[in-house]
Each structure stands twice: as structure tokens, then as C-alpha cells.
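Working notes, beginning with the structure itself.
The values are calculated or read from the model by the stated rules, or taken from the named source; none is laboratory data. Being a predicted model, the structure only gives us computed values, none of them experimental. Here Cβ is always computed from backbone atoms with ideal geometry, including for glycine, and neighbour counts include all displayed protein chains. To get the accessible areas, we keep the full protein, side chains included, count just its heavy atoms, and leave off ligands, DNA and RNA. Shrake-Rupley method; radii C 1.70, N 1.55, O 1.52, S 1.80 Å.
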Amino acid sequence: MRILQTNDDGYKSRALLELAVGLKRHGHEPVIFAPANNVSGQGSALTIQPTVKIDIHKRGDFTIYAVHGTTTDCVLLGTRYTDVDLVISGPNYGPNLGKDTLNSATVGGAREAQMMNIPSIALSINSYYPRHLQDIVDVFCSMLDDGILRALSGKYLLNINFPDLPANDLRGVKVVGMSKKGWIKNVTFETNKRGMIAHIKGSRPRLDGERGTDLYWVNHGYITVTPVISDLIDYNLIHELQQILECYKGE
Amino acid sequence: MKILLTNDDGYKAEGLNTLAKVLRSHGHEVFVFSTSRDASGYGNALTITHKLRMKQKQTKWGHPVFVLEQATTADCVVIGAQFCNRDIDLVISGINYGPNIGKDINHSATVGGAREALMIGKPGIAVSINSFKPKHMYEIAELFATELEHTYSHILTTQYALNINYPDWTPKRIRGTKVTTASKLGWENQIIFRTIKNYIEVSIKGVRPRLEGEPDTDWYWLRKGWVTITPIGATDVDYTYLEELRQLLGC
């Protein structure tokens, strides 16, 4: 199948190219649209500019389209440039677990595809300096053909996180909900002559995660798969909220 | 209440400042943190790659605004809350010029601000008016402030944010309030790709179709003169499909 690949670490990412090689070996046709720069943390940001530049780079057998924009821009433009069956965002250096997925551009890109009714996967590795990239790509490509493709739907996107382990040490797959934990966003303020400067610095404490959540299982050597809503709405709450608001009517 | 107010239209925006003024006149303590620029479309994007300059500016509306250079609304919420030592009861994002309805709420920085509030453990409300050149901004701000006192302040939660859209009508003519789901409609992009040697020049033109909206959606009711409220979830997980996915993947 034709697969649009993107990420938020930028077009130079080795993981992006490794995955392209793996997908091709498994008989797929990867098309790569990735940001020209690192856009981590940009969530589902869409750069609404009237003109956007895309640089064309050659890397081995592959053409890489480097978009001067966000991951979401890459998905919007890539899916319009050519027809694709699936969008894969990643592999991201570093996990996208717990509540952090809200700001994640890796997940944001996958969500953009889902909004256009194209099945999508957000793929991340639980390490900023992965040592087992090759193994992870191999296992992921096999998983894709053996089961994941069947599980793809227009109803949700899949958020997949890999532990940074050799193939033999991966303990299995867990379909789980997300931890409530995640990045701690520390803000520091400095004052100088010209004013104040604020700096948001994320720090990831080494947390174990609540039992049964993505964070917990990935730390225990499992690949985690979480179905992620394709929009932001909590449909289960609509009726409840209606009733709550009824109570206040006429007061 | 102590309210952190933000939005994505820039610190001079009438919607932001009118609401600040009206909330203050209703006895609230309001801290305004705004982006210097128009940050529409940036969703939940958070600036984690560099530092942000912050300045306090006095406005003609009589209140000061903390302006964050080239920031997003999510930045304003994270930085603003920290600056206030987290001593706030509620985050409000708005009043936005133009509606935040349909599938585009995914990219909405107004909604993104309210959603970021949930992540830092505060209730969030996004408020928008269904016109890019509103005629009833002041009356709508008054109406919202009244409804905040009578209704919304009693149901504040960090489980979900409220996305509220007002018609640009005089309050007397407004027909009521509907808790609804979001339409699947939204901006359509006309995209043209032009290949020039080693790069592609892309022109994007957004058009918003004038449509009725599917029955019983925000788009539909808002156009008919109703205030619409949609619950925005605090989690990305689609728990509805967790079990189904387990079965599909056989784990």
C-alpha cells in the first residue's frame, strides 16, 4: 500500500529513513513529507500561510519532501499531493505517552489524517537516543502486516510506543489506556533590561506509570497500542452535560 | 473568581479586551496573557524549543496585558498560570473573532488554550462569536459573564473543557442554548503545487463553505441563532474502542 510518512523531528531523522527502507522491503510504497525543521511540541498546529515551500531531497532510493511547516501541514499537503492508503507519523525519538499526546505533533499529524478519513498511526520510541532502531522498525513492519492493518479504521487512530529493546527482549503487545502522568512543564522567568523572558522547559521524571497504563507497560518492555479519538470531543459527556445545564435553567 | 484570560487574535483584539473589561466589572480578578501576534490555527502547540519574551502593556481598556512575543495560547496558559503561582480558578480563551465549530476545532488555538488549562489542572472555557466582524461583541461578553455566574461557574471541572459559540445577535433574539456535537464540516483548502527544479511552491487558499451543517451539530444550531456548547475531553484515549481493538489484535 502507499504510505505517507511524516514526523516532527524533521526530514533529516534517521528513524524516518529506516522506516521507509523497512516499509519498502515489506512491499509498501512510502512517500515522505516531513518538516524542514524540528517542530516537536507543536501539536495539531496548522500553519495557515498562503504559500508554503517544499524542498526536494534525494536520499538513496527515496525522495524526501521537506515542508517548511508543521507535521500537520505535511499531512495536509502530502495527502493532497498524492493518494495514500495510510499515514504513519514517526518513529519519534522519545515516547508519546500519557497526557503528553495533547501537545504531541507526532500524534497531531496522525490526527490530521484521521480527520480526512485516512487511517493513521503515531509511532514513537521510548528513548531519545534509541539503540535498537533497526529491530524496532523490523518488528513494527511485521506487526503492521500481521495485524495492525486489520485494526485500522476511520474511527480512531493508533498511538504506538516501543520500548528501546532488541527484538528478542520485547515482551509483547498491550492495548491500553493512557497514564495521567507525563511531562512536567517548568516555567522559569528571567528579568533583564529589556523586559522579562519566560522559558517553558519540559522535564520527564522517571515515572513508573499507574498499573495498566501505557507508561507502565512500556517501562516493562511491552509495545503499547492506544486507540486515540480522531477529534477532541468527549461524546460520552454530551448527554450528561445537557442534564447538568438543565438544572440551572431558569435560576 | 481569579481568571486567566487569553486568546489567539493578539493583545489588541477587541474580543479579548472587551471580555477582560466585562469580567472585571462583574467583580472577577482577571489576568490577561496574550500572544503578540495572530496565533490562529496553532491548536495546542507549545513552544518548547526556545525562550519567549514577555512584556506588560497598558491598554486603552484600563487593564494591563502580559504580552508574550510570538507565542501560542497554550504558552500563555502554561506561563500565565505559573506567573500567578497557579493561584487561578479558571482559564478562559476568547472571545474569538469567528466561530470555532466543526472539524476545525482540532486546530483552534482558542480551544487549544482551554484544553491546555485541563492539562495544568484548571477548568477551561473557550468562547467564540460567529462573525469575523461582530456587531454585538459587548452584549455577548455581558451575556457570557452573566451565564458564567449563573451556570458555568457551578459546573467547573477539569474532566472536560467547554467550547462555547455565540451567534452575533443581540441577546434578546438569541433562541437558547444547545449542548451539541461538532459538525464534520469546516474550511476547505484549495491547494496548488508548482514544481520549480529542486523545490515545490505550494499555494493554499482556504474557503469556508456556506452550508447548513448536519442536523443537531454546532454548525447547524449556531446558524439558527442558538448558543452551542461542546464538551472537549481531557484525554486522547478512545475508551469506546479499547476492547474492540484488543480483540482485533488478539491481545
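Applying 1/(1 + (r/R0)^6) with r as the Cβ-Cβ distance of residue B:175 and residue B:58 and R0 = 51 angstrom yields a FRET efficiency of 0.85. The mean accessible area for residues of the protein assembly as shown, using a 1.4 Å probe and ignoring ligands and nucleic acids, is 40 Å² per residue. Each label point was placed 7 Å from the Cα along the Cα-to-Cβ direction; for residue A:63 and residue A:129 their separation is 3.7 nm.
What the Cβ-Cβ distance of residue A:142 and residue B:244 gives, at R0 = 25 Å and to the nearest 0.05, is a FRET efficiency of 0.65. Bridge orientation summary for region B:21-74: considering DSSP beta bridges with both residues in this region, about 55 percent are antiparallel. Note on chain B: helix-only mean residue ellipticity at 222 nm, from DSSP H runs of 4+ residues weighted -39500 (n - 2.57) and normalised by residue number, equals -7500 deg cm²/dmol. Taking all protein chains as shown and a probe of 1.4 angstrom, residue A:16 keeps an accessible surface of around 0 Å². Using a 1.4 Å probe over protein heavy atoms, the accessible area lost on pairing B with A, summed over both chains, comes to approximately 7000 Å². Return the whole-Å distance between the Cα centroid of region B:93-126 and the Cα centroid of region A:57-116. Value for the Cα centre distance between the two parts: 23 Å.
In whole angstrom, note down how far apart the Cα centers of region B:1-60 and region B:143-168 are. If we compute the Cα centre of each part, the gap is 18 Å.
In region B:132-234, Rg over Rh equals 1.13, where Rg is the alpha-carbon radius of gyration and Rh the Kirkwood radius from pairwise Cα distances. Would you mind finding the longest exposed-site-free stretch of chain B, with exposed trypsin sites (Lys or Arg not before Pro) meaning DSSP loop and at most 15 other Cβ atoms within 10 Å? The longest such stretch corresponds to B:87-134.
In this simple spin-label approximation, residue A:24 and residue B:224 carry label points 7 Å from Cα along the Cα→Cβ vector, and these lie 5.5 nm apart. The charge dipole of region B:3-121, taken about its Cα centre with unit charges on the Cβ atoms of Lys, Arg (+1), Asp and Glu (-1) only, comes to about 300 debye. The residues A:18, B:116, sorted by heavy-atom accessible surface at 1.4 Å with ligands and nucleic acids left out, run A:18, B:116 from largest to smallest.
Placing a label point 7 Å from the Cα of residue A:235 along the Cα-to-Cβ direction, the residues of region A:154-192 whose backbone N falls under 15 Å of that point are A:154-157.
Ligands, DNA and RNA aside, residue B:61 has an accessible area near 60 Å² when probed at 1.4 Å. What shape does region B:33-168 take by its C-alpha gyration tensor, where a ≥ b ≥ c are the square roots of the eigenvalues and a/c under 1.5 counts as rounded, a/b above b/c as prolate, and the rest as oblate? Here region B:33-168 falls in the rounded category.
With a/c under 1.5 counting as rounded, go ahead and sort the protein assembly as shown into rounded, prolate or oblate using the C-alpha gyration tensor (a ≥ b ≥ c being the square roots of the eigenvalues; past the cut-off, prolate if a/b is larger than b/c, else oblate). Prolate shape, in that a/c is at least 1.5 and a/b is the bigger ratio. Once the C-beta distance of residue B:12 and residue B:133 is scaled by a Förster radius of 22 Å, the resulting FRET efficiency is 0.90 to the nearest 0.05. In whole percent, and with a 1.4 Å probe on the protein chains, what portion of the accessible area of the protein assembly as shown is carbon and sulfur? C and S atoms contribute 49 percent here.
What fraction, in whole percent, of alpha-carbon pairs in region A:188-251 exceed 20 Å separation? So the portion of pairs separated by more than 20 Å is 68 percent. Report for the protein assembly as shown the percent antiparallel among DSSP-assigned beta bridges with both residues inside it, nearest 5. Around 50 percent antiparallel, to the nearest 5. The listed residues A:164, B:216, B:75 rank as B:216, A:164, B:75 when sorted by accessible area, largest first, using a 1.4 Å probe.
A viscosity of 1.002 mPa s and a temperature of 20 °C, combined with the Kirkwood radius over C-alpha pairs in the Stokes-Einstein formula, give region A:119-160 a diffusion coefficient of 189 µm²/s.
If you sort A:33, A:62 by accessible surface, 1.4 Å probe, largest first, the order is A:62, A:33. Here residue B:29 sits with roughly 90 square angstrom of accessible surface, probe radius 1.4 Å.
Every helix of 4 or more DSSP H residues in chain A counts as -39500 (n - 2.57), and over all residues that averages to -7500 deg cm²/dmol at 222 nm.
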